[in-house]
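Some notes on the structure that comes next.
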Amino acid sequence: MDGWVRAERLRALKDITGVSQQDLSDLLGVSQSFISKVLRKENMLSEEHAVRAAEGLHAPLSFFAVDDSKFANTTATFRKSSTATVTAERKVNQLAREVNRAWDVVSRESGYLDFPSTDLLAAGLGVEKVAEQTRKVLGLSATEPIQNVTHILGLLGVAVVYPLLEDAEDAGHLAISLPSRENTRPAVSIVHRTEGARQRLTLAHELGHLLFDQDLSQPIHSTRAPQERRAYDFAGALLLPESVARARINETTLLRSLLDIRREYGISVAATAVRAQRLGIITQHRFRSLQIQLANAGWRKREPVIVPPEKPSLFRQAAERVFGKKALAFRMSETLGLKPEWINSWLHLDSAADTATVGKFGDGGESQVIRLRQR
């Protein structure tokens, strides 16, 4: 057996591609029992097996050489719908680990700093105070709109991949992150392309998980779980500070008046209504009334006032510093064991994936160039 081949990477590739054990058995020319033992870490893989798997599943051979142990057991947090399938979840889960593994290497090699979670958290502070502290760390006032959520995550050392799946084959998952005390250079992956206000809330939501759920040991199975509610409330507090919500909303505020908040703060009318209700600004009766109005106006799927999606830039900047701009996808693929097409999509290297309008919130979607901080 060849010592450089990491057998556990076969399961990772199986989860990403969705192939069956029988498919792997046929591809490698071994018994299904052999494949089963490899997946249970009872058998090793030879270099010949790795070559066959890499060629047959269109992965670089270096995929089988990389060490993914740092993120193998980290519990992921998902934003997903009830339509998400187990197969899709395995794929999204493993791809997110590949993203985090790659960002961890690129961030360190480029000289970027750790996620400053200890600067943002204090024992016993609730979501409103932590959101307020996050704004202070970022140099934002207590009330100003956040022009670009992707950009502020970058300033905190968090890379954003958008979208994780370019072909939108999985509409059941919204986003995924890996909160952990060991994951000091985290990445957030938005699974598929989505409307800008939803993207911004989702990014802020995952930032909440990265801050509050670093000791998570079990997956969160329900959107009603305390961790999910806390992350959602943090996202609302970060995007629409309590003082602003109380100054702009009351029990008689009309649905269309909430569009002005969407236009200025980049948060959906639906999320604003939830925030107002949870802060006690409006009653449950008024909240239900607004929900009915949203449905009757046809705003549940698409609200008026366009909020453009944001396009990340930090991951690409850091990668170019480490690998150079020439043949970037090839160099990253060989070194990090990633498919070139993943890199092209995640870093927006292909012209087809690079069509977002450049500008700030309200005018376009690309995050500003971030000056990589030196150690």
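Things to note:
- Residue 151 being free of Cβ contacts under 8 Å to residues at least 40 places away in the same chain and either among the small types (Gly, Ala, Ser) or open to solvent by 10 Å² or more (accessible area, probe 1.4 Å) (or both): no
- Whichever residue in the range 184-195 is touching a residue at least 60 places away in the same chain (Cβ under 8 Å) and under 14 Å from the mean Cα position of the chain (by Cα) and, among such residues, is most open to solvent (accessible area, probe 1.4 Å): 193
- Any hit, the range 43-50, residues being more than 27 Å from residue 225 (Cα to Cα), of a type in the set (S, T, N, Q), in a loop (DSSP other than H, G, I, E, B) and open to solvent by less than 60 Å² (accessible area, probe 1.4 Å): yes
- Per the listing 200, 181, 135, the residue uniquely assigned to a loop (DSSP other than H, G, I, E, B) and either at negative phi or of a type outside the set (D, E, K, R) (or both) is 181.
- Within the option set 282, 267, being touching a Leu at 6+ places or on another chain (Cβ under 6 Å), closer than 29 Å to residue 212 by Cβ and part of a loop (DSSP other than H, G, I, E, B) holds for one residue only, 267.
- Verdict on residue 80 being surrounded by fewer than 22 Cβ atoms within 10 Å (Cβ to Cβ), more than 22 Å from residue 338 (Cβ to Cβ) and among the basic types (Lys, Arg): yes
Yes/no per residue for (1) under 21 Å from the mean Cα position of the chain (by Cα); (2) under 23 Å from residue 200 (Cα atoms):
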residue	(1), (2)
261	no, yes
283	no, no
293	no, no
314	yes, yes
347	yes, yes
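- Selected residue (only one of 62, 25 is open to solvent by less than 20 Å² (accessible area, probe 1.4 Å) and of a type in the set (Ser, Thr, Tyr)): 25
- Test for residue 266: is it modelled with pLDDT of 95 or more, within 21 Å of residue 80 (Cβ to Cβ), surrounded by 12 or more Cβ atoms within 10 Å (Cβ to Cβ) and within 19 Å of the chain's Cα centre (by Cα): no
- Of everything in the range 1-22 that is open to solvent by less than 30 Å² (accessible area, probe 1.4 Å) and at pLDDT below 95, the residue that is farthest from residue 42 (Cα to Cα) is 5.
The values are calculated or read from the model by the stated rules, or taken from the named source; none is laboratory data. Everything quoted here is computed from the prediction, not taken from an experiment. Don't worry about glycine lacking a Cβ; one is built from the backbone with ideal geometry, like all the others, and counts go over all protein chains shown. These area figures cover heavy atoms from the full protein model, side chains too; ligands, DNA and RNA do not enter into them. Shrake-Rupley method; radii C 1.70, N 1.55, O 1.52, S 1.80 Å.
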